[in-house]
1. Failed condition for Asp71, given (1) open to solvent by 90 Å² or more (accessible area, probe 1.4 Å); (2) modelled with pLDDT of 85 or more; (3) of a type outside the set (Val, Ile, Thr), with all others met?
2. Test of understanding: among Lys99, Lys94, which residue is among the basic types (Lys, Arg), at pLDDT 90 or above and part of a helix (DSSP H, G or I)?
3. Looking only at region 107-116, decide whether some residue is modelled with pLDDT under 90 and loosely packed, with under 10 Cβ neighbours inside 10 Å.
4. Select from region 18-52 the residues that are open to solvent by less than 90 Å² (accessible area, probe 1.4 Å), modelled with pLDDT under 85 and in a helix (DSSP H, G or I) and list them in ascending order.
Amino acid sequence: RKQERRRARDREEQILDEVAPKETGREAQLMKKRAQHQARHTKQSLDVDIPDSEMYANSTDSLNHLKRERDTREQRKQEYQARRDDGSRDERLKEHAEKEQRTIEALKAMAEQSRAQGLGMSKKWAQ
């Protein structure tokens, strides 16, 4: 298979060389350079082809889309307000404050107990 493909490719190259021979040597290099230079320096068109269907879109579709977006934003806002207003946040804050108060009272009791036993801070630091 490889040999068949190689032979076919070689035959095609021979036919092409007979029909339109390649330039070789210095002239071929210069032509290649010119072609590359021309390709780099040709100005590309900045025009963009936008289909008319996109440019002149059905205004009712876009209006409906905007309304749906507004409705979903409004729904999210209402859900957020409902979660915020249900009072669970206030309850959690109150529970946290009570727990903190109990902790402070326990620490004070431990400090008082260590002072009574003479294990606490020295008199110099207690003032």
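The values are calculated or read from the model by the stated rules, or taken from the named source; none is laboratory data. Computed from a predicted model, the values in this text were never measured in an experiment. All Cβ positions, even for glycine, are placed from backbone atoms using ideal geometry, and neighbour counts span all protein chains on display. Note: accessible area is taken over every heavy atom of the protein model, side chains too, but ligands, DNA and RNA are not part of it. Shrake-Rupley method; radii C 1.70, N 1.55, O 1.52, S 1.80 Å.
1. Asp71 satisfies every listed condition except (1).
2. Checking each option against the conditions leaves just Lys99.
3. Yes, the conditions are met somewhere in region 107-116.
4. Once the filter is applied, which keeps residues that are open to solvent by less than 90 Å² (accessible area, probe 1.4 Å), modelled with pLDDT under 85 and in a helix (DSSP H, G or I), region 18-52 yields Glu27, Ala28, Ala39.
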